[in-house]
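A short worksheet on the structure shown next.
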Amino acid sequence: MTETRREQFQALRGMRDILPPESARRRELTKQFFTQCELAGYHEVVPPILEDLGVFLRVGEATDVVTKEMYDFVDKDQSRIALRPEMTAGVVRAFVQHRPVLPWKVWYAGTNFRHERPQKGRYRMFDQLGVEALGVDDADLDVEIIALASRFFASLGLRQVTLLINSLGEHEDREQYTEAVRLYLLAHQYELSEASQVTLELNPLRVLDSKRREDQQIIADAPLVADYLSEDSADHYARVLAGLDSLGVSYTEDPRLVRGLDYYRRTTFEFAAEALDSAQNAIGGGGRYDGLAEAMGGPATDGVGFALGVDRILLACDAEGVFATDPTRLDVFVIDTVSGDAARDITHQLRSAGISADRRFGGGSMKAQMKSADKSGARFAVIIGEDELAANEVTLRPMLGQESDGEQRRVATADLLSELSRYSSQTVTDQIDFQPADSASADPTNSGTLT
Ligand code: HAM
């Protein structure tokens, strides 16, 4: 018989499998984020991953995100749809569709897709955490969301995060400023890099974002947006900065900060992780997008928000040596050297009582099973051999922490749950240091009996 070689597939370029324990770390990151959000009165919104292409065109038809990077296609019913490249557009579409009570303060955690050139910290599929607040024209709201992000970074232990901030002014200010920048850059067109000459035609402000060496001097001498701000815009910006000062949130004003999406008005900001390479050190960004709801066919509504890149935040955590991966949390590893029946039944009963338990499948010698128990990081081994089975008992062997020095002991199978519940559920999750709990703090779900 000839053997057919099967093709071995790989994840698509720019897309990654997130495996344990990294997956648990990401989940913990999201938990820390939504804890901060809920503390500030933001609640979760879950928009679809696919939207009508038109929703994303409102993000800016002259941006790379829309023109070059979008995964758009014709659906089976011939409609043009796209995988979301970011979440603000979908959230604002949902706002316009459902018209919730104002102010509408929401947070989200979701996957986005951009057909970019993959590199470290830049992927084609990436997760964002973010907030959006609609229906309030108050600079204090800008301060509120920036402070929220800053508390989140602090909760992870990140210290080297710089907040860059700017104001792009109202729609008219921005238009006038864009025109001034366009005329200025046109005068220097041939000194610009080739890529920036193309950008100049499509979206002059984006040239200010160029990192190319040959563009830097021209960018440094470009007109400043501060000179084009209306009185209202300047007042709004001043109150945002005063609010940040009052809360002790430090920032660096960056008059060249224009951001990659077209919907921004007035406040714009970015968080840069100083511990990362400057090409990919933006771990988040946001700003006001007053006018986006109108562009989606809704009523004129102010909006402000930000999105943070999960992958880059974790890279920043690695670079700063903070927010380490949690060790696996397993309470009990069941060893059964007889038939496996007890392992099957006891793991089930422990899990039903809220105690995490695992076992080795396919049996094996006592030595092999002990090795698996060691590897699992479990706090206790519950051992069932011929003797234990005959006596309707198990051997309870502490594996970690202070108790690991203690003696193993025989326990009636029926008393195993109450015996384990002597260790508080708090310390069950704290692998290193566990103490017998006083009976009042023992987890009541653990106090049943095993049969
Ligand atoms: P953005 O700056 O395009 O803004 O993305 C926010 C963050 O997502 C970036 O700072 C970065 O950390 C992460 N990110 C973006 N692209 C990638 C990628 N290809 N790979 C890995 N991470 C990436 C927005 O998306 C706006 N919706 C933010 C916003 C919300 N503005 C107002 N509300």
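Read the figures in this text as sums done on the coordinates, not as results from a lab. All figures in this text were calculated on a predicted structure; none of them were measured in a lab. Cβ sites come from the backbone with ideal geometry, for glycine too, and all protein chains shown count toward neighbours.
Mind ordering 212-224, 283-295 by average Cβ neighbours within 10 Å, highest first?
Values: 212-224: 14.1, 283-295: 22.7.
Final packing ranking: 283-295, 212-224.
Over the range 135-238, what is the relative contact order in percent, taking alpha-carbon pairs closer than 8 angstrom and at least six residues apart?
Numbers: 69 pairs, mean separation 36.5, N = 104.
With pairs under 8 Å counted, the relative contact order is 35 percent.
Using a cut-off of under 16 Å, list every residue of the range 363-401 whose amide N is near the label point 7 Å from the Cα of Val338 along the Cα-to-beta-carbon line.
363-364, 366, 382-396
Taking the Cβ-Cβ separation of Asp227 and Lys375 as r and a Förster radius of 60 Å, what is the calculated FRET efficiency to the nearest 0.05? Walk me through the numbers on the way to the answer.
On the way: r = 65 Å, r/R0 = 1.08.
According to the calculation, E is roughly 0.40.
Rounded, prolate or oblate for the range 330-405? Axes are the square roots of the Cα gyration tensor eigenvalues, ordered a ≥ b ≥ c, and the cut-off for rounded is a/c under 1.5. Please report the intermediate quantities before stating the final value.
On the way: a/c = 1.38, a/b = 1.22, b/c = 1.13.
Rounded, since a/c falls under 1.5.
Checking the a/c ratio against 1.5 first, then a/b against b/c, what shape does the Cα gyration tensor give for the range 5-105? Mind dumping the intermediate values first?
Numbers: a/c = 2.30, a/b = 1.09, b/c = 2.10.
Judged from the Cα gyration tensor, the range 5-105 comes out oblate (a/c at least 1.5, b/c at or above a/b).
Under the definition of Cα pairs under 8 Å and six or more residues apart, what whole-number percent is the relative contact order of the chain? Write down the numbers at each step before the final one.
Details: 811 pairs, mean separation 60.9, N = 451.
Answer for the chain is 13 percent.
Around Ala381, which amide H atoms from residues at least 5 apart in sequence, or from another chain, sit under 5 Å from its own amide H, with H modelled in the peptide plane?
Residues meeting the criterion, in which the H sits 1.01 Å from N, are Phe333, Arg397, Met399.
In whole angstrom, and with the biggest value first, how far do the Cα coordinates of the range 231-306 range along each principal axis?
Cα spread of the range 231-306 along its principal axes, largest to smallest: 42, 29, 20 Å.
Nothing charged except the Cβ atoms of Lys and Arg (+1) and of Asp and Glu (-1): what's the magnitude of the dipole of the chain about its Cα centre? Round to the nearest 20 debye.
Details: 49 positive and 73 negative charges, 306 e Å.
Computed charge dipole of the chain: roughly 1480 debye.
For the chain: lysine pairs with Cα atoms under 19 Å, gap of 8 or more or different chains, count? Numbers along the way, then the final one.
Numbers: Lys31/Lys105; Lys68/Lys211; Lys120/Lys211; Lys367/Lys375.
For the chain, the number of qualifying lysine pairs is 4.
Name the shape class, rounded, prolate or oblate, that the alpha-carbon gyration tensor gives for the range 69-208, where a ≥ b ≥ c are the square roots of its eigenvalues, rounded holds for a/c under 1.5, and otherwise prolate holds if a/b is larger than b/c and oblate otherwise. Could you put the intermediate results ahead of the total?
Working: a/c = 1.44, a/b = 1.21, b/c = 1.19.
It comes out rounded by the Cα gyration axes.
So what's the chain giving for Cα Rg divided by 2.2 N^0.38 Å, two decimals? Present the calculation step by step, with values, prior to reporting the outcome.
Numbers: Rg = 28.3 Å, N = 451, 2.2 N^0.38 = 22.4 Å.
Rounded to two decimals, the normalised Rg is 1.26.
Under the definition of Cα pairs under 8 Å and six or more residues apart, what whole-number percent is the relative contact order of the range 93-141? Mind dumping the intermediate values first?
Numbers: 56 pairs, mean separation 19.6, N = 49.
It rounds to 40 percent for the range 93-141.
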